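Rule-based calculations on the coordinates, nothing more; no lab input. These numbers were taken from a predicted model, which means no experiment stands behind them. We place every Cβ from the backbone using ideal geometry, glycine too, and count neighbours over all the protein chains shown.
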Amino acid sequence: RLIVEREREIENFVPEEYWSIHAEFLPDGHQKGDTFIAKLHRFDGEEPALNSEEDVQPLLSDMETADYVTTLAKKGTRKRNP
């Protein structure tokens, strides 16, 4: 029964378009190789709906001229399989 239900879920799955925004930053006073990549999680305090290019383009336009401040930096280790 579980297998049949799972197969039905798979058959009824409708793919949805989604986007994510990643930006490369160069901190003031640093060299070109000192850049870091950040993923957009919130914009103006809210999680943006990035469902289409039409949703993304206005955000990109606003982000290109904005000033940025680091509010949180986490240090951690990740375990990766070779």
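The table that follows gives values for the structure above.
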| read-out | value |
| --- | --- |
| Close pairs (8 angstrom Cβ cut-off, 6 or more residues apart or separate chains): of a type in the set (A, V, I, L, M) in the stretch 66-82, surrounded by 10 or more Cβ atoms within 10 Å (Cβ to Cβ) anywhere | none |
| Count of residues meeting criterion [surrounded by 10 or more Cβ atoms within 10 Å (Cβ to Cβ), assigned to a strand (DSSP E or B) and out of contact with any His (no Cβ under 8 Å at 6 or more places or on another chain)] in the stretch 1-50 | 4 |
| First in the stretch 32-59 and within 17 Å of K74 (Cα to Cα), second anywhere and of a type in the set (V, I, T) and surrounded by 10 or more Cβ atoms within 10 Å (Cβ to Cβ), Cβ under 6 Å, 6 or more apart | L40/I21 |
